[in-house]
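This report concerns only the one structure given below.
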Amino acid sequence: GMPDSQKMLITLTDTLTQTFLLMLRLASPFLIFGLMFNVAVGLVNKLAPQVPVFYISTPYLLLGGLLLVYFTIAAMVMQFGQYFPMIFNF
């Protein structure tokens, strides 16, 4: 017979919700780091407006993000591997 569109839509919605929550959990260290870094740079920019702080700080933002990846990639991959089968019912 015909597939049940209501069950398919519920399954799709649940899968997308769980996927979004997992990706938010994995991205949260980078979001927090970026927010804290930019707030600090904004404060420094207020204290010394004649210095182009945002241009000077960009390499440090990249370095901090790469260091964050270096120290968290193992835990992120483990967490992704743990939740992937639960989300997609493997």
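What follows draws every value from the coordinates through simple rules; no lab data is involved. Keep in mind that this is a model prediction, so the values were computed, not measured. Cβ sites come from the backbone with ideal geometry, for glycine too, and all protein chains shown count toward neighbours.
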To the nearest 10 degrees, the tilt of helix 53-88 (Cα long axis) against the first principal axis of the alpha carbons of the chain is 20
Candidates for Cα extents along the principal axes in Å are [x] 47, 29, 24; [y] 71, 27, 14; [z] 66, 35, 22, and the calculated one carries label [y]
Tilt, helix 5-47 to longest principal axis of the chain (alpha-carbon atoms), in degrees rounded to tens, equals 10
Ordered by fewest other Cβ atoms within 10 Å, a rough proxy for footprinting exposure, SER57, SER28 read SER28, SER57
